[in-house]
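Trainee: Take this structure first; my questions come after.
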Amino acid sequence: MKLLRERTEKQRLGESLIIQTSVRLMVPFVQLFGLYVIVHGHYSPGGGFQGGVILGSSFVMLALAFDQKSSLRLMSERANAILGNTGAIIFVGVGALCAICGGLFLDYSALDVLIPLGPVEWRSFGIFLVEVGVGLAVMSIMVSLFWDLGSAGKMDEGL
Amino acid sequence: MEDLLVLIVAKVNYWAYVILMMIGFYAMIGKRNLVKKLIGMNIFQTAIILMFVSSGVKHGAKIPILNKYEVLEKGVDVAGVVNPLPHVLMLTAIVVSVSVTGVALAILLRIYREYGTLEEDEILEKLGK
Amino acid sequence: MKALALLATLITGSILLYGTMDFPAWGDPQDPAAVYLSPYYIENAVRETHVPNLVTAILGDYRGYDTMFETVVIYCAGMVVVSVLRRSKNDRPENKT
């Protein structure tokens, strides 16, 4: 406990020890819940948009409780950009793959020629792939919006 | 009296959305601060989203998450499930509203960096020079 | 100016309130929004996609184009915010206001 306090004082973050400790404990669970909401969108309320916002909010929480530098240490800007582009490319790529496999664009049942699961199961699985793409893109954009708006584009300590 | 009560129960949600929408509309055209205008636009969007979601309601219906095996065997009663289409449309509308808010806030920050104020009159004064 | 805005708000609001008289009643199963397209989704979505959550099924499959361009819209918003706001580290001092 003393070490933690010394460290926060040295970094001059020291807003409140309670908030910082609870945020540090909560962040893994928030991220786990965000992943759960994304992958469980078939069977319960949820999906890519909602889960992506929850995942992004965990980084926003870190940036608010500590400062923007520490959230940038955990999730660098380059990694964020790569994740966001990957999400958008997954979505468009799945659609284009359907067209390449002989169906219409975004007609997931055409992917049956790759792995024969049956056209209906492929439609279900295609929706899952698309939701993962949407979740990654939304998370990356949410975090990026907060970083840029919170520090007015300077990417320093922020709010 | 009975008719009036029926009318109020049938329409009170639309009246609430119209009032909410007009609050947003007044903030957009009557206020001089750009951030207040932006907040008014958000209230306007919220009113529209609420109106669309409420148009999907059916009396005594359940949420649009069905039991897969039951549906595959017996089919589904259309009147027993709320209309899922407005929910989908508004899910995308919420994301668009987040994007619009983000871009608008970025432009407001840029305006503040350039002119040092967010009041419309002062910006116009500085532009007139 | 404020009075004019209030007047415009009141006029628009009263027109809209008059327009709500033609709306279907709240929770009516026969309202036009509920009888045209959505019965097809409710009846066939689970059979055609094996997804119990109808909202996800429509969002990901039937309205896939909508969702795809939605992702493109939010992606563009992120890029616009970065390109409007970002200052490089070695910003020249004469550019600062």
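Trainee: So, in segment B:54-94, how many residues would count as being modelled with pLDDT under 90, aliphatic (A, V, I, L, M) and in a helix (DSSP H, G or I)?
Mentor: Residues flagged as modelled with pLDDT under 90, aliphatic (A, V, I, L, M) and in a helix (DSSP H, G or I) within segment B:54-94 amount to 4.
Trainee: Also: Take the residues of segment B:111-126 that are more than 9 Å from every other protein chain (Cβ to nearest Cβ) and either in contact with a strand residue (DSSP E or B) (Cβ under 7 Å, 6 or more places away or on another chain) or not β-branched (V, I, T) (or both): which is least open to solvent (accessible area, probe 1.4 Å)?
Mentor: Ranking the candidates gives B:L118 first.
Trainee: Taking the residues in segment A:101-137 that are farther than 19 Å from C:I58 by Cα and in contact (Cβ under 8 Å) with a residue 24 or more places away in the chain as candidates, determine which candidate is farthest from the chain's Cα centre (by Cα).
Mentor: Top of the filtered list is A:A137.
Trainee: With the requirement that a residue be buried (at least 18 other Cβ atoms within 10 Å of the Cβ) and modelled with pLDDT of 90 or more, what does segment A:98-117 give you?
Mentor: Selection gives A:C98 alone.
Trainee: Inside segment A:56-85, can you point out the residues that are closer than 17 Å to A:Q31 by Cβ and either facing chain C (nearest Cβ under 10 Å) or among the polar types (S, T, N, Q) (or both)?
Mentor: Within segment A:56-85, A:S57, A:S58, A:S70, A:S71, A:S76, A:N80, A:G84 qualify.
Trainee: Hey, among the residues in segment B:76-110 that are at the interface with another protein chain (Cβ under 7 Å from one of its Cβ atoms) and of a type in the set (G, A, S), which one's nearest to C:V46 (Cα to Cα)?
Mentor: This residue is B:A79.
Trainee: Exactly one condition in (1) open to solvent by 20 Å² or more (accessible area, probe 1.4 Å); (2) under 22 Å from C:G19 (Cβ atoms) is false for B:V18; which is it?
Mentor: (1)
Trainee: A further question on this structure: Restricting the search to segment A:30-48, which residues are open to solvent by 50 Å² or more (accessible area, probe 1.4 Å) and hydrophobic (A, V, I, L, M, F, W, C)?
Mentor: Hits for segment A:30-48 are A:L32, A:F33, A:L35, A:V39.
Trainee: For segment A:123-142, give me the residue count where each residue is more than 9 Å from every other protein chain (Cβ to nearest Cβ) and surrounded by 24 or more Cβ atoms within 10 Å (Cβ to Cβ).
Mentor: 3
Trainee: Also: Would you mind stating whether A:G51 is within 14 Å of another protein chain (Cβ to nearest Cβ), closer than 17 Å to A:R73 by Cα, open to solvent by less than 50 Å² (accessible area, probe 1.4 Å) and outside any loop (DSSP other than H, G, I, E, B)? Can you show your working first?
Mentor: Values: within 14 Å of another protein chain (Cβ to nearest Cβ): yes; closer than 17 Å to A:R73 by Cα: no; open to solvent by less than 50 Å² (accessible area, probe 1.4 Å): yes; outside any loop (DSSP other than H, G, I, E, B): yes.
The answer is no for A:G51.
Trainee: So, one more: Out of B:N42, B:N13, report the one residue that is of a type in the set (S, T, N, Q), in a helix (DSSP H, G or I) and within 12 Å of another protein chain (Cβ to nearest Cβ). Spell out how you get there, then give the answer.
Mentor: Working: B:N42 fails: within 12 Å of another protein chain (Cβ to nearest Cβ).
That would be B:N13, the only listed residue that is of a type in the set (S, T, N, Q), in a helix (DSSP H, G or I) and within 12 Å of another protein chain (Cβ to nearest Cβ).
Trainee: Tell me, yes or no, whether segment B:37-52 has at least one residue that is over 22 Å from C:Y18 (Cβ atoms) and open to solvent by 60 Å² or more (accessible area, probe 1.4 Å).
Mentor: Within segment B:37-52, one or more residues are over 22 Å from C:Y18 (Cβ atoms) and open to solvent by 60 Å² or more (accessible area, probe 1.4 Å).
Trainee: Sticking with this structure for a sec: Out of all the residues in segment A:109-128, is one or more on the phi > 0 side of the Ramachandran plot and aliphatic (A, V, I, L, M)?
Mentor: no
Trainee: Continuing with this model, one more query. Restricting segment B:48-75 to residues that are more than 21 Å from C:W26 (Cβ to Cβ) and not charged (D, E, K, R), which is farthest from the other protein chains (Cβ to nearest Cβ)?
Mentor: So the residue we want is B:Y69.
Trainee: Which fully enclosed helices (runs of 4 or more DSSP H) of segment C:1-71 have 3 or more residues being of a type outside the set (K, R) and open to solvent by less than 60 Å² (accessible area, probe 1.4 Å)?
Mentor: On the way: elements: C:2-19, C:32-35, C:38-49, C:54-57.
Once the helices (runs of 4 or more DSSP H) in segment C:1-71 are filtered for at least 3 residues that are of a type outside the set (K, R) and open to solvent by less than 60 Å² (accessible area, probe 1.4 Å), what remains is C:2-19, C:38-49, C:54-57.
The values are calculated or read from the model by the stated rules, or taken from the named source; none is laboratory data. Since the model is a prediction, treat every value here as computed from it, not as a measurement. No Cβ is skipped: glycine too gets one built from the backbone with ideal geometry, and neighbour counts run over all protein chains shown. Keep in mind that these areas ignore ligands, DNA and RNA; they rest on the heavy atoms of the full protein, side chains included. Shrake-Rupley method; radii C 1.70, N 1.55, O 1.52, S 1.80 Å.
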